[in-house]
Amino acid sequence: MKMISTKLSVISSMVLALASVAFAVDAKSGIALSAKNGANSGIGTQTTGGVVDPDNTIRDTFAQSFPTGGLHDIKGVLRRVYGTTFSTGNSPSESADKFMKKWSMLWKVPYSQLEKVGPTEDGAHTQPLVADDDGENTKFTVAYFRQQAKGVPVFRSYGWGLVRNEDNFPMVLGGGTLRDIGNMEARLEGTDIDPSSINLGAISGQAISQFSSPPEMSSPRYVIWSGLDEDVQASKLAVEFKVTGGEGTDSYQKMLFVVDASNGNILYQESLIYHGSVNVQVNEYVTSDFKADTCGVETTRAMPYAKVVIGATTLYTDVNGALSYTYSGTASVVVAPTMSGKYFTVTPGSGTLNTVISQTIADGGAGTFLFNPSAANAAITTAQTNSYEMANRTRDVCLLANPNYPTVKTQTGFIIRPNVSGTCNAYYDGNINFYLSGGGCSNTGYGDVVCHEYGHHLVSCAGSGQNQYGEGMGDVMGVMITDSPILGYGFQSCSTGIRTASNTCTYSSTGCSSCGSEIHSCGQLISGCVWDLRNSFAGTYPSDYRVRIQSLAVNAMLLHAGSSTIENDITIDYLTLDDNNGNLGDGSPNYYAIAAAFNAHGLTAPALSLFTITAPNGAPTTVLPLGGTTMAVTITPVTGVVAAGSQKLFYKESTASTFSSVLLSSTGGNNYLATFPTFNCNTSVQFYIQATSTGGTPVTLPAGGATAAYVATAAISSATLIADNFDGSSTLFTIGAPGDTATAGIWVRNAVLSGCGANTVSYSGTKAFVTAYRSCEDVDGGKTSFLSPIVDASSGDTVELSYAIFLSYNGATPTDDPLEVFVSNDGGSTWVLGASYTTATGANTWVLKKLNVLNILPVTNQMRVKFVAQDNGTDNVVEAGVDSVTFTSVKCADAVFGDMDGDRIVDSSDIGLILLDVGPCAGCPTDLDGSGEVDSSDVGLALLEIN
């Protein structure tokens, strides 16, 4: 206080002179400018983020948001989003859902087309993956999303997110077979899509003509057909159904058809019988070497999970074929095992079911039973025990890797059909079926032939397509059970198999593989990768290599939803399942082994970085106009060495043509600090980090460097007051204003316009505000308006309004029918014209526009915008649209203490404004010391700030 009083005594002679100046100032306006008002929380969300450059594509924005992430395309179609953590949440579902809400347009699919339904039989949204070491929990959860339009599913179109089951549930991998279906939703308007409306008789003719006798048909359903896998086709309404015919004969067929709903033309067909004639190694009914019945030495092994009837009670043995049963009393009981079990039912296609003679066992006694007891028994009986044993083994391996594997975890009574009429084949059709011996082939109910066919079942339960992938994974299941690369040993000869996983097959973009394009030959790609990885793991992890490879192979099937091809997205799946830190840029614990195995077969792994560049605290979205903003950077060598002095921050304002750079400062070890220079306020600043290896190779953060740079706004803070793309279930924008006279073409929030030169797509998402919706219904008879809600922009030093417009006159060039944008600062009582557009934007073209609101009128806490379309005078065809309206308030500098008129300088004008309020004035901005009274102390505090 002494210091203040001393200074006041020196300047007291100034006060009266300053007062005369002060009374010439509009005190109210000066005070209002320094008042602090928050944004209306009911309208927008306060943020400190900047505005993303509107010219950036969503892929550019993704690269800025996830600099260590990657987008993996196959034949121009996005299949995997990988490399880092993409979202977090309170649950796996919430984490994946956040990602899909923000990034589904990477696939050109709006989030509104996704529903939380999975590809598995039960449609489960989430599925646990990879059993943890404790045997109770899992390491991952995959959350699935099915694409649909108006409730009609898009055929085999799914997206998914793989989430680590740890704190905040980070999503580390995204994938899918989602596809752009264009304006299909609009085309379905008014269409009866209830399954009961399907006239199957009218559209099934082409499908039925492929059957020699009248077949059975399943209940049909509507689907959207838009191609399969990477083949994206024009979308159309279709009907999916299954047809079965000739069961029990050589002409047995079970087919899936997708046909054009309008004419029955077949769009896609697929056999649901998956043959295994070139399969894996074989055992005599229970042999130690998994060979065919005619090739191996038989042995006695336990029958796992066998069904045993004791009196009126049905029980099941354990995995070792053992069973203990306690009952009331001391009488003897009759024990009768059957040639079936808890999980599988053996139903021979010919011959009789193996049986054993029941035994009466006294209290405390024991009984031993043996199915097919004689080594001299025919292959027809041995096939029953062989197929039962191998099916159980395959199921056990699956559930060891993932105890929550869909369908399998709860399935009982799955049918095994050995000794089906025919030779030299085996197949899966929802059951597994094995042929009799003959024609130069052994009975196929043995060894890895059984594993292969049950592998088809696992692929089906995972929601994947079959074809080449199904054949390959069938072979993989055989390899994992037998731990041998030879597949189908003894199928035709006791000296060889049919295929081998120890192969040199490599990927071909045109012919599937160097071993051929036939699906069994192509399948050798994945079995070859797994076998090579098995060999590597056997050397590194000799005690548990089989468990490790089984965990990767089984769980990766659940990431192949909707697809049936073998591409190197599978490589990324294996790496991500193996990863332990959510960053593939620095590899995974077994990166080199997995990469070597898959690279050898042309399924190339993403390369490791020379070094990784990360921003531990993220990249700033606002930078101080006066400079000094810092960004922490970590540069970690992986396979390269960073050249000294190459660690730099590159930056430029959006109007600059080239980037400038400044060296990072070292803070010790691999850590650095980037310090930003000064910028013009409310400019868009692009920036990236770059370091160069000693070999001259640059590495950037984000990965795209200058072409995918981060974007920040030069400001103290930025608040988004309105950000509405009109795709939500509701909006705060309203239609209609005083002076509207239009009789047609009234604004409506809907999907898109159609007809008469109107737009058929929205700027973002699926909806926009458009002038009417029905074909060729344009604006007539005057004006039509829609208005924003009121927002508070009073605290902004600059306020920006951005919006996308579409405008068409159907070829005409009128000048009196503009699309106009008005701004109000009094809640809509009065309006000022901000922009007027009379030039058509072009067919199906949106143009993003921006207005600096402060160039139009002063900003207040009652800001509002109005869009007006009109047809005046001559009757023209006027079609207009507005989308993605954003109101952003930017603060350029902190408030200056004592600055009453908002010019950020304390001078005589501010002293005058304080003097106007002298006296009791609780809560007044001029009461600088908060005493409740404006007096000499407040004047003194302001005088101390004069420069």
_Over the chain, what is the relative contact order in percent, taking alpha-carbon pairs closer than 8 angstrom and at least six residues apart?_
11
*Nearest 0.05, what FRET efficiency do SER324 and SER350 give at R0 = 30 Å with Cβ-Cβ as r?*
0.25
*Please identify every one of the chymotrypsin sites (Phe, Trp or Tyr not before Pro) in the range 844-920 that sits in a loop by DSSP and has no more than 15 other beta carbons within 10 Å of its own beta carbon.*
PHE897
*Under a straight-distance cross-link criterion of Cα-Cα below 19 Å, which lysines are reachable from LYS98, leaving out those fewer than 8 residues away in the same chain?*
LYS108, LYS116
*Estimated inter-spin distance, THR423 and LEU848, nm [label 7 Å along Cα→Cβ]*: 7.0
*Which order, highest average first, do 400-407, 902-909 follow once you tally other Cβ atoms within 10 Å for each residue and take the mean per peptide?*
400-407, 902-909
*asked:* Give me a comma-separated list of calculated 3J(HN,Hα) values for the range 873-888, in order, Karplus coefficients 6.51, -1.76, 1.60 applied at θ = phi - 60°, integers in Hz, x for any Gly or Pro.
replied: x, 4, 6, 9, 7, 10, 10, 9, x, 9, 9, 6, 8, 10, 10, 10
_Nearest 10 degrees, 0 to 90: helix 519-540 Cα axis against the chain principal axis_ = 80
_Proximal lysines relative to LYS850, as straight alpha-carbon distance under 17 Å, when same-chain residues fewer than 8 apart are discounted_ = LYS866
*Go through 252-260, 920-928 and give me the packing order, highest mean Cβ count within 10 Å leading.*
252-260, 920-928
*Which whole-number percentage describes the relative contact order of the range 315-402, with Cα contacts under 8 Å and a sequence gap of 6 or more?*
27
*Rank PRO925, TYR489, TRP225 by how far each Cα sits towards the positive end of the charge dipole of the chain (+1 on Lys, Arg Cβ; -1 on Asp, Glu Cβ) and give me just the farthest.*
TYR489
_Let me spell out the model: positive unit charges on the Cβ of Lys and Arg, negative unit charges on the Cβ of Asp and Glu, origin at the Cα centre of the range 803-870. What dipole size does that give, in debye rounded to 20?_
240
*How high is the FRET efficiency from CYS494 to THR300, r the C-beta distance, R0 30 Å, rounded to 0.05?*
0.85
*Estimated vicinal HN-Hα couplings, Hz - the range 743-748 in sequence order (Karplus 6.51, -1.76, 1.60; Gly, Pro = x)*: 9, 8, x, 5, 3, 8
*Under a straight-distance cross-link criterion of Cα-Cα below 19 Å, which aspartates and glutamates are reachable from LYS409, leaving out those fewer than 8 residues away in the same chain?*
GLU121, ASP122, ASP132, ASP133, ASP134, GLU136, ASP318, GLU389, ASP396, GLU453
*Would you mind getting the accessible area per residue of the chain, heavy atoms of the protein chains only, 1.4 Å probe, in Å²?*
40
_Gain in span if fully extended, ASP134 to ASN90, counting 0.36 nm per residue against the direct Cα distance_ = 13.6 nm
*At a Förster distance of 60 Å, what's the computed FRET efficiency of ILE357 paired with GLN862, Cβ-Cβ distance as r, to 0.05?*
0.05
*Magnitude of the Cβ-charge dipole of the chain, K/R +1 and D/E -1, about the Cα centre, nearest 20 debye?*
1540
*Hey, got a sec? Which GluC sites (Glu not before Pro) in the range 851-947 land in a DSSP loop and have at most 16 other Cβ atoms within 10 Å?*
GLU945
*Multiply the residue separation of GLN411 and LYS101 by 0.36 nm, subtract the distance between their alpha-carbon atoms, and state the gained length in nm to one decimal.*
108.2 nm
*Mind ranking 188-199, 660-671 by how tightly packed they are, going by the mean number of other C-beta atoms within 10 angstrom, highest first?*
660-671, 188-199
*Flagged links, alpha-carbon separation over 30 Å, of LYS101/LYS236; LYS652/LYS849; LYS102/LYS849; LYS767/LYS849; LYS849/LYS891*: none
*When the Karplus curve 6.51 cos²θ - 1.76 cosθ + 1.60 is applied with θ = phi - 60°, which whole-Hz ³J(HN,Hα) does each residue of the range 450-459 get, with x for Gly and Pro?*
5, 4, 4, 5, 5, x, 4, 5, 5, 4
*Give the carbon-plus-sulfur fraction of the accessible surface of the range 358-457 in %, rounded to a whole number; probe 1.4 Å, heavy atoms of protein chains only.*
51
*From the Cα gyration tensor of the range 133-256, with a ≥ b ≥ c the square roots of its eigenvalues, which class applies: rounded if a/c is under 1.5, or else prolate if a/b is larger than b/c, or else oblate?*
oblate
*For the charge dipole of the range 830-947, defined by +1 on Lys and Arg C-beta atoms and -1 on Asp and Glu C-beta atoms about the Cα centroid, which residue among GLY902, LEU943, VAL890 has the Cα displaced farthest towards the positive pole?*
VAL890
*asked:* How big is the range 832-943 along each principal axis, measuring the range of its Cα positions in Å and listing the largest first?
replied: 68, 27, 21
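Over the range 362-441, calculate the relative contact order: mean separation of alpha carbon pairs under 8 Å at least 6 apart, over the residue count, as a percent.
21
The values are calculated or read from the model by the stated rules, or taken from the named source; none is laboratory data. Bear in mind that the values here come from a model prediction, so they are computed numbers and not experimental data. Ideal geometry is used to build each Cβ from the backbone, glycine not excepted, and the neighbour counts take in all protein chains shown. Just the protein is used for accessible areas: all its heavy atoms, side chains included, with ligands, DNA and RNA removed. Shrake-Rupley method; radii C 1.70, N 1.55, O 1.52, S 1.80 Å.
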